[in-house]
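This report refers to the structure that appears directly beneath it.
The values are calculated or read from the model by the stated rules, or taken from the named source; none is laboratory data. Note that the structure is a prediction, hence the values are computed from the model and not measured. Glycine also receives a Cβ, built like all others from the backbone with ideal geometry; neighbour counts cover every protein chain displayed. With ligands, DNA and RNA removed, areas are computed over all heavy atoms of the protein, side chains included. Shrake-Rupley method; radii C 1.70, N 1.55, O 1.52, S 1.80 Å.
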Amino acid sequence: MHQIELEMQNETLRQTQADLVKSRDRYMDLYEFAPVGYVTLNKSGLIEELSLTAAALLKRERRDLVQQQFSSLVAQQDREGWQKNFHHAVKHGGKHSCELTLILDDGTAFEAGLDYLRIGGQADRAVRLAVTDITARKKAEVEMRIAAIAFESHEGMVVTDPDGVILRVNRAFTRLTGFSAQEAIGRKRVLLVSGRQDKGFYQQIRQTLIEEKYWQGEMWNRRKNGELYAEWLTISAVVAPDGTTTHYVGAFSEVTKDKEAEAVIRHLAYYDALTNLPNRRLLHDRISQALVGATRSGHHAAVVFLDLDNFKSLNDTRGHDIGDQLLVEMARRILANVRAGDTVARLGGDEFVLIFEDLSPDGAAAAAQVAQLGEKIREAIAQPCDLGGIPFQCTASFGVALSRGQEESVTTLLKNADLAMYKAKGSGRNTMRFFNSAQIG
């Protein structure tokens, strides 16, 4: 019985030892190959032992690191802070954490997160470190900070899901549109639609985003208060690794003032600043269009030169300001007595040019139409007007060149109408003359 009991005890002991070995092996595996590197420092800061993972993180052989000062691995700018933290842990104990830069043997560096705890007794105090590579996390944090700053730029920013539902906006979005984040998030971007662009415009944008994952261009949108504004918009698709679009990011800035400036510049280029009538540049284009229309339809068109009689003497005796008042009033009267599709232009000084389109195919009948229209304008011009509190009566001379199409050039028609106007001047003024009788018939 005694022998059996002894053997049973020995078996229990062997099993216990085997379990201890397995437990130790498991511990060592966890210690050596854990994703976190473990380093033990004595109270002087010398490395006493470290795990394989720690050696791999530091890119050194384990034997080369043992008995090395851990502070020698710390980047110069972080050493003072590390020494303070380490000595505090040795003296006072407790758990501590810090982040610092470690320098590798090849001169490269990585960002490390340290969790450390004092171990051992009074005589053999030591500090156990858990070292984690946080380089990727730090880089991501920097990128997130940059992205956050960029997102809060002066440009309006909006993030939507693939269906156009707004997920996030920045402060500039609110400033430009009038919609707060609470009002915009959860709604579709169509809440900004102005109605100036048709469905085809938006379909083209969607198709471009599907094919190229990017679109930029100009569009009109509507603020919360109903006001329309022009914006320059860039839309970028956020694409997942599998190729699907997860989000759209839009960045936009208002260009309404640019559009208004563009319109002003265009107006100045094509319209007379005093009377707001088309100038010589636009007149040439209008005459060209009239000739094309006459060629196509077979109907006559007429170019009429109108010159105010004795305008120079008014300018000389009463000044240019009074002369300008007369020009503005005469422009108003002429416009009030032409047809809706007719053109009235000012060449300069007291010279106006009228374009009558869609006249009769018959030359004589077309001339009669021009004469009737001209007489109506002549009578309107001849009515007295008040210039600076003094009544003034003006007359005008008319010269007409008729055309049935593009057999004459714009320059020729203007020249012929001008010659006919001088015939009217020579005939006593306040009358109308046609270029020559051959054009009438």
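Just to confirm the filter: which GluC sites (Glu not before Pro) across segment 222-280 are DSSP coil and have at most 12 other Cβ within 10 angstrom of their Cβ?
E227
Normalised by the residues of the chain, what does the relative contact order come to in percent, with Cα pairs under 8 Å and at least six apart?
Details: 723 pairs, mean separation 38.2, N = 441.
For the chain, the relative contact order is 9 percent.
Number of Lys pairs in segment 192-334 with C-alpha atoms less than 23 angstrom apart, excluding same-chain neighbours closer than eight positions?
5
Against the longest principal axis of the chain, how steep is helix 320-336, in degrees 0 to 90 to the nearest 10, with axes from Cα atoms?
Helix 320-336 sits at roughly 90 degrees to that axis.
Against the longest principal axis of the chain, how steep is helix 363-382, in degrees 0 to 90 to the nearest 10, with axes from Cα atoms?
Approximately 80 degrees, to the nearest 10.
Along the Cα→Cβ direction, 7 angstrom out, place labels at L104 and S427. What is the inter-label distance in nm?
So the two model labels end up 10.0 nm from each other.
If amide H atoms are built 1.01 Å from N in the plane of the peptide, which residues on other chains or at least 5 residues away come under 5 Å of the amide H of M219?
It is E231, L233, by chain and number.
Given points 7 Å out from each Cα along the Cα-Cβ axis, report the R187 to K91 separation in nanometres with one decimal.
6.1
Taking the simple approach of a point 7 Å from Cα along Cα-to-Cβ for both E80 and H284, what is their distance in nm?
Those two pseudo-labels are separated by 7.6 nm.
So if each residue of separation counts as 0.36 nm, and I subtract the Cα-Cα distance between H247 and A365, what length gain in nm does that give?
Working it through step by step, the gained length comes to 35.7 nm.
Quick one: among S397, S297, S153, which has the greatest mean-square fluctuation in a GNM of the chain with alpha-carbon springs under 10 angstrom?
Evaluated over the chain, the most mobile residue of the options is S297.
Specify the angular offset, from 0 to 90 degrees and rounded to the nearest 10, of the alpha carbon long axis of helix 256-270 from the longest principal axis of the alpha carbons in the chain.
30
Mind checking the per residue accessible area of the chain for me, 1.4 Å probe, whole number of Å²?
56
Quote to one decimal, in nm, the extra length available between K312 and A380 on full extension: 0.36 nm per residue of separation minus the C-alpha distance between them.
So the chain would gain 22.4 nm between K312 and A380.
Taking 0.36 nm per residue of separation and subtracting the Cα-Cα distance, what length does fully extending E141 through D115 add?
Difference between extended and current length: 7.4 nm.
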